[in-house]
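The values are calculated or read from the model by the stated rules, or taken from the named source; none is laboratory data. Keep in mind that what you see is a predicted model, and the values were worked out from it rather than measured. Don't worry about glycine lacking a Cβ; one is built from the backbone with ideal geometry, like all the others, and counts go over all protein chains shown.
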Amino acid sequence: MIKQISVFLENDKGRLAALCRCLADAGVNMSALSIADTPEYGLVRIVCNEADKAKAALDAAGYRARVTKVTAVAVPNRPGGLAELLETLDNADISVEYGYCFSHQDGNAIFALKVTDPAQAAEAVFAIERAGFQILEEGELD
């Protein structure tokens with residue numbers, strides 16, 4: 001599993017740039033950034049090289065941020081790769097709350113996902129690995 005930073009951000013001009021500048025000034029390198037928005041605010045999800053350092057910098061700058069553990073899975077970067085992973089979870093009766101793809105290495109895309117029921121996280125990891133997918137840890141994303 002990896003750490004993800006979630007930040008609630010007002011949907012105003014320049015706020016995303018300021019958030020990214022805050023992390024850059026703290027020496028934090030982002031591997032992934034995902035944004036879900038409404039007219040008033042956005043939910044920014046970030047995977048970075050130093051989640052605890054990022055959280056501290058964001059807290060000091062007045063952002064509302066939290067750290068969440070998510071599962072990072074290496075998925076074959078080809079048509080159907082992600083479908084096979086999601087079918088594996090469906091067959092194990094595990095629901096995905098959210099997910100997003102980012103980067104790729106060694107012919108794989110990386111899919112970060114959070115299961116709906118936290119009690120099923122270990123079961124999800126077992127099903128994913130049993131199906132032949134690789135779970136990635138923090139140090140494997142650099």
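Has region 111-120 got any residue that is aliphatic (A, V, I, L, M) and either under 24 Å from L23 (Cα atoms) or modelled with pLDDT of 95 or more (or both)? Yes: one or more hits. Among the residues of region 40-49, those identified as over 13 Å from the mean Cα position of the chain (by Cα) and in a strand (DSSP E or B) are Y41, G42. What do you reckon, is A124 surrounded by 18 or more Cβ atoms within 10 Å (Cβ to Cβ), in a helix (DSSP H, G or I) and not assigned by TED's automatic domain parsing to the domain that holds S6? So A124 passes the test.
Screening M1 against (1) closer than 18 Å to N108 by Cα; (2) at pLDDT 95 or above leaves a single unmet condition, (2).
Filtering region 16-39 to residues that are assigned to a helix (DSSP H, G or I) and more than 20 Å from the chain's Cα centre (by Cα) leaves A18, D25.
When D59, D90, D52 are checked against the criterion of being in the same structural domain as Q120 (by TED's automatic domain parsing), part of a helix (DSSP H, G or I) and farther than 18 Å from Q134 by Cβ, a single residue qualifies: D90.
Contact annotation: residue pairs with Cβ atoms under 7 Å, 6 or more positions apart or on different chains, pairing a residue in region 1-19 that is surrounded by 12 or more Cβ atoms within 10 Å (Cβ to Cβ) with a partner that is at pLDDT 90 or above and in a loop (DSSP other than H, G, I, E, B), are V7/Y63; L19/Y63. Residues that are over 22 Å from F111 (Cβ atoms) and hydrophobic (A, V, I, L, M, F, W, C) were ranked within region 29-59; the one that is surrounded by the fewest Cβ atoms within 10 Å (Cβ to Cβ) is A56.
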